[in-house]
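Values in this text are rule-based calculations from the coordinates and carry no lab data. All values reported here derive from a predicted model rather than from experimental measurement. So basically every Cβ, Gly included, is an ideal-geometry build from the backbone, and we count neighbours across all protein chains shown.
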Amino acid sequence: MSRPTELFVHVTGDVTNPVPLENILMEDPVVRSAILFGYGRYNAGALIELKEGHHIDTNDHRLVEETRNKLVPTVERMNMFAPQHSRIYKEMTIFASRTKPFSYSYQGTVNRKSTLAGYTDDINALYDTTEQAALIGLKYPKVWSPENSLHFVRGIVVALWGKKIDDDADFFHYGADSIQATRIRMILFRALRTTAKVDTRKFSGSIVYQYPTISSLAAFATRAARGCLRHQTEIYLTRCTAMNNMVKTYTSSFPEYQPETTPPHDDVVLITGTTGLFGSNLLAEFLASGRVSRVYAINYKSHKAGSLAERQEALLGASGLDSGLVHHRKLTLLEADVSGEHLGLSQELYDEVLSSTTHIVHNAWLSTFDDDSPLSVFDNSVRTLRDLITFALSSPLPVPPRLMFISTTDTLRSTHARPSPRTQPSQPPDTDKDPGERTPEVPASPYDAAGSAYGESKWVGEQILAAAASKTPLRPIVVRLGQMCGGVNGRWREGERFPMVVQLSVELGALPIIDEEVSWIPVHFAAKAVAEMRNSLSTYLHVEHPTPVSLKSLLRCIGEELGIPLIPLPEWTAKLEQTIYRSPHPPPSARPGEDIALTILQHLRRVAESETPDHPARVFKQPRLSSEDAWFTSPTLRGGMNVLGSEDVRLWVEHWRDIRMIPGAPGGP
């Protein structure tokens, strides 16, 4: 079994376990040791130390090519066992020189880190060479029709050989060698990856030998592109089906509502999930409201040290709020298994909460930044929502408690591709929606949310509430929160990308120029707006800053605070790549998903790949929303906050310095 330090993450997010594959390479009679590399890269490669008597002059390109060819059967056998993303091509092998032999431990095992460190320049040069070999002055096809594919492959041949050949003529009859075949493959694969998003690592390195004519290679390219499109469409529809199936699972029956008692004079709020940044701010807002007489704050049982009260107190203080609120006379802190019977409370306490609660705010939800997580990981979160619906419909009050569901604008991430009402459920949506059109505060389709596991799960929650509202007297309120930024003391939620970009920028000595408009809302204002919405007449409400601001201007303010310049985003990305590639192995403390440099590089690559002529790439993608109902309901959104600017930036930077995310100010403590 490989240790975590031996695994490495590709720029695509795929993880390679190198040890079993290296063992296969070392079965070759001329190979003494092998190390796979590819941290932060698209393709993997292999550094090979040959046995005594088989060493070569690594500067002799002819000998290197001959040795690579001899190892092809072993490499191909390794690729049979390797996952798609871990396979290597012949040209991605390099050989250790006599002047830089592998480093070994006393036990005879290879010192991976020190050996790779000695070959950093060679590995980077290898990637640069292969990258340059794939560049050609041809425009890549946007659509891989048979005609376009044929035209493109003809262009490759002319560019490499300087002459036209017949579409059905064999390349090798015209004198093509292995080097030219490799270049043809690299150019074609780069084009397929760029415009058709094809994962070319699944194809053999001998593809040009399998399709040795212009016509056959062009036909292969068309099939590869169309196969990828069909695959992506199938994934899309499969995710939508999973979402609809989960909705059906939790909407099969609802209890009958049977009111018994008179309503209380004041609001009594039951809120879930108050130990996060937004939850803490929500708690503070409800406790400050003169119309709220009691707040029950339910949180999942935790294995963290300290009592719930101690953790809540610490979180309030860390968020710049009054930590003494934990002792507020209105507050009852409850730690329970919310998904259990009676919300995990004793019968006596359950009856007390049930008989008095007028409002439920469901904020607790599993948080993950992994878009590829299966929807099933959110089962407990969805089940808890369903239990809260049952709780509301079991209330003895004249009307069921208002149930506010804290959703997300991620349920609208694909609204530019929203299908028309005539679109069949089994068909993917058209993409003819005006990109400038704002999405109204209405129910979303599964197509709108598909692609983000977190957004998909929230969409499921919205649909369960819609089903309950159609069959019972329940009147839910769905609050779709947009991107939140720093609170009263500048604190951002952990795991957000923007603070990561700033942290990396300090290390790189420059900030990127990102020319986008953002509608980020400070977390305390978002909480205040949500508290104001608890009696809304509207079902769907969008919460974001009412005045968009240029992200470029915010970055300029950060640059002034930190004393670093702004540079074009491509240049900044190149500096980030250089930092990652300076060492061909992962940082010793970074596990998959925890390396912020690679996390941001992966995000920037995905953003670039998603760009189309109609929908330019956005680093901090936000759907364009209409928030008229939210503005009508919330005085805070109508005019209770200033435009984001230098004062907000100053708070953010101060907080990042306080938590040692970035260095302190010059001359500071």
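Amide H to amide H, with H built 1.01 Å from N, residue 517 comes under 5 Å of 551, counting only residues 5 or more places away or on other chains.
Ranked for footprinting exposure by Cβ neighbours inside 10 Å, fewest first, 557, 240, 485 give 557, 240, 485. Among [x] -0.43; [y] -0.58; [z] -0.72, which is the computed log10 I(q)/I(0) by the Debye sum over Cα atoms at q = 0.07 Å⁻¹? Only one listed value fits the structure, namely [y]. With 30 Å as the limit, the listed pairs 458/528; 458/575; 197/575; 304/330 have 458/575 beyond it between alpha carbons.
Peptides 106-115, 514-523 ordered by packing proxy, namely the average of other Cβ atoms within 10 Å per residue, highest first: 514-523, 106-115.
Given a Förster radius of 56 Å and the C-beta distance between residue 437 and residue 352 as r, what FRET efficiency does 1/(1 + (r/R0)^6) yield to the nearest 0.05? The computed FRET efficiency comes out at 0.70.
The dipole here belongs to region 4-119: it is taken about the Cα centre, uses +1 on the Cβ of Lys and Arg and -1 on the Cβ of Asp and Glu, and is about 160 debye.
A cut-off under 9 angstrom between Cβ atoms defines the neighbours of residue 343, and their net charge, with Lys, Arg +1 and Asp, Glu -1, is -3.
A dipole drawn for region 146-247 from +1 and -1 charges on Cβ atoms has a positive end, and of 221, 237, 156 the residue lying farthest that way is 237. Taking only Cα atoms, what is the 0 to 90° angle, nearest 10, from helix 61-81's long axis to the longest principal axis of the chain? Once rounded, one gets 50 degrees.
For the pair residue 173 and residue 15 in one chain, pulling the backbone fully straight at 0.36 nm per residue adds 52.8 nm over the alpha carbon distance. Taking a point 7 Å from the Cα of residue 380 along the Cα-to-Cβ direction, the residues of region 338-366 with backbone N closer than 12 Å to it are 338-340, 365-366.
In this structure the amide hydrogen of residue 294, modeled in the peptide plane, comes within under 5 Å of the amide hydrogens of 269, none closer than 5 places in sequence on its chain. Sites listed here are GluC sites (Glu not before Pro) in region 8-55 whose DSSP assignment is loop and whose Cβ has at most 15 other Cβ atoms within 10 Å: 27, 52.
Just to confirm the filter: which trypsin sites (Lys or Arg not before Pro) across region 217-326 are DSSP coil and have at most 16 other Cβ within 10 angstrom of their Cβ? Listed in order of number, the matching sites are 291, 301, 304.
Here's how it looks for residue 404: its modeled amide H is under 5 Å from those of 360, 361, 362, 477, which are all 5 or more places away or on a different chain. Counting beta carbons within 10 Å around each of 21, 354, 135 and listing the fewest first gives the order 135, 354, 21. Remark: the chain carries a charge dipole of roughly 800 debye about the Cα centre, counting +1 on each Lys and Arg Cβ and -1 on each Asp and Glu Cβ. Take every pair of alpha-carbon atoms less than 8 Å apart whose residues are at least six positions apart; their mean separation over the length of region 36-95 yields a relative contact order of 46 percent. For the chain, what is the mean residue ellipticity at 222 nm derived from helices alone (per DSSP H run of n ≥ 4: -39500 (n - 2.57); sum divided by total residues; nearest 500 deg cm²/dmol)? Calculated from helices alone, the mean residue ellipticity at 222 nm is -13500 deg cm²/dmol. When DSSP beta bridges are restricted to pairs lying wholly in the chain, around 20% turn out antiparallel. For the peptides 533-543, 630-640, the ranking by mean Cβ contacts within 10 Å, running from highest to lowest, is 533-543, 630-640. Taking a ≥ b ≥ c as the square roots of the Cα gyration tensor eigenvalues, region 56-123 comes out oblate, since a/c reaches at least 1.5 and a/b does not exceed b/c. Using Cβ point charges alone (K and R +1, D and E -1), the dipole size of region 99-174 about the Cα centre works out to roughly 300 debye. When only Cα pairs below 8 angstrom with a gap of at least 6 residues are kept, region 146-247 shows a relative contact order of 36 percent. A straight Cα-to-Cα reach below 17 Å connects residue 248 with the aspartates and glutamates 379, 387, 456, 462, residues fewer than 8 places away in its own chain not being considered. The long axis of helix 146-161 is offset from the longest Cα principal axis of the chain by roughly 40 degrees. Most simply put, region 4-119 has about 75% antiparallel DSSP beta bridges, counting only bridges with both residues inside it. Excluding same-chain neighbours fewer than eight residues apart, the lysines reachable from residue 90 by a Cα-Cα span under 21 Å are 51, 70, 202. Along the axis of the charge dipole computed for region 4-119 (Cβ charges of +1 for Lys and Arg, -1 for Asp and Glu, origin at the Cα centre), the listed residues 10, 75, 29 are led at the positive end by 10. Measuring nothing but how far apart in sequence close Cα pairs (under 8 Å, 6+ apart) lie, relative to its length, the chain scores a relative contact order of 12 percent. In order along region 507-515, phi translates into HN-Hα couplings of 5, 7, x, 6, 9, x, 7, 10, 8 Hz, rounded to whole numbers, per the Karplus curve 6.51 cos²θ - 1.76 cosθ + 1.60 with θ = phi - 60° and x for Gly and Pro. Rounded to the nearest 10 degrees, the angle from helix 214-249 to the longest Cα principal axis of the chain is 20 degrees. Within the shell defined by Cβ-Cβ distances under 11 Å, the residues around residue 378 carry a net charge of 0, with Lys and Arg each +1 and Asp and Glu each -1. Each residue in 201, 624, 98 was given a count of other beta-carbon atoms within 10 angstrom of its own, and listing them fewest first yields 98, 624, 201. Rounded to the nearest Hz, the phi-derived 3J(HN,Hα) couplings of region 640-650 under the Karplus curve 6.51 cos²θ - 1.76 cosθ + 1.60 (θ = phi - 60°) are x, 8, 8, 5, 4, x, 5, 5, 5, 4, 4, where x marks glycine and proline. Summing +1 for each Lys or Arg and -1 for each Asp or Glu among the other residues whose beta-carbon sits under 11 angstrom from that of residue 76 gives +3.
Would you mind getting me the FRET efficiency between residue 658 and residue 305? Use the beta-carbon distance for r and R0 = 25 Å, nearest 0.05. Using R0 = 25 Å, I get an efficiency of 0.65. The HN-Hα couplings worked out from phi for region 529-546 by the Karplus form 6.51 cos²θ - 1.76 cosθ + 1.60 (θ = phi - 60°) are 4, 5, 4, 6, 8, 5, 10, 4, 7, 9, 7, 10, 9, 9, 10, 8, 5, x Hz, whole numbers, x standing for Gly and Pro. Projecting the Cα positions of 446, 198, 315 onto the charge dipole of the chain (unit charges on Cβ atoms of Lys, Arg, Asp and Glu, taken about the Cα centre) puts 198 furthest along the positive direction.
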